[in-house]
Amino acid sequence: MEAYRAKEEFFYIYDMDSKAQAISFYERWLDRLPAYLTRHFQPLITSMKNWHEPIFNYHDARYTNGMVENLNGRINKINSAAHGMKFETLRVKALLRYGDIIPLGHLAHFCFPFPISKERMRQIVSTPIIRGFNPSTLERALRQGRL
């Protein structure tokens, strides 16, 4: 039960109001950690030592790079299954799998300097894109063997 309590107490670091308070809390937490549990918490202690500044910088801005790390992990998972795939192919796979597919019309309103039919406008605005990448362009490139 002590290991569970130690783990739960550790996360109070993120509830501290300032970086100084968090550092002080962590140091007290580490001092109170029973010696027989130290080896079980060694990976955490090592990470805190190696990444001290970036971890405690959380208190300066109140955000982490967790989402970026998660996305990197997902891309690495695709890459490990790719076995020598070209970077551009990996990029496209990542965009297709994890990119947001949204209608172009949700991104911007267009004011064309020339007359355009309502049907053509509807077609343009409903074109799906993946963060600026038109899927039909990808499909054409794949069919032509360019990717």
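Within segment 32-57, the set of residues being over 24 Å from Tyr4 (Cα atoms) and either surrounded by 11 or more Cβ atoms within 10 Å (Cβ to Cβ) or in contact with an Asp or Glu (Cβ under 6 Å, 6 or more places away or on another chain) (or both) comprises Asn57 only.
Across segment 1-17, the qualifying residues are those that are hydroxyl-bearing (Ser, Thr, Tyr) and either surrounded by 12 or more Cβ atoms within 10 Å (Cβ to Cβ) or at pLDDT 95 or above (or both), and the one among them that is nearest to Glu69 (Cα to Cα) is Tyr14. Residues in segment 30-86 that are more than 25 Å from Asp17 (Cβ to Cβ) and touching a helix residue (DSSP H, G or I) at 6+ places or on another chain (Cβ under 8 Å): Pro34, Leu37, Thr38, His40, Leu71, Arg74, Ile75, Ile78, Asn79, Ala82, Met85. Meeting the requirement of 1 or more residues that are small (Gly, Ala, Ser), under 30 Å from Leu95 (Cβ atoms) and out of contact with any strand residue (DSSP E or B) (no Cβ under 6 Å at 6 or more places or on another chain), the helices (runs of 4 or more DSSP H) wholly within segment 1-85 are 58-61, 66-82. Within segment 18-31, the set of residues being surrounded by 13 or more Cβ atoms within 10 Å (Cβ to Cβ) and over 21 Å from Ala3 (Cα atoms) comprises Lys19, Gln21.
Of the residues that make up segment 105-114, is at least one at pLDDT 75 or above and outside any helix (DSSP H, G or I)?
Checked against the condition, which is being at pLDDT 75 or above and outside any helix (DSSP H, G or I), segment 105-114 yields no hits at all.
The values are calculated or read from the model by the stated rules, or taken from the named source; none is laboratory data. Here the structure is a predicted model, which means the values were calculated and not measured. Note that we place each Cβ from the backbone using ideal geometry, even for glycine, and neighbour counts take in every protein chain shown.
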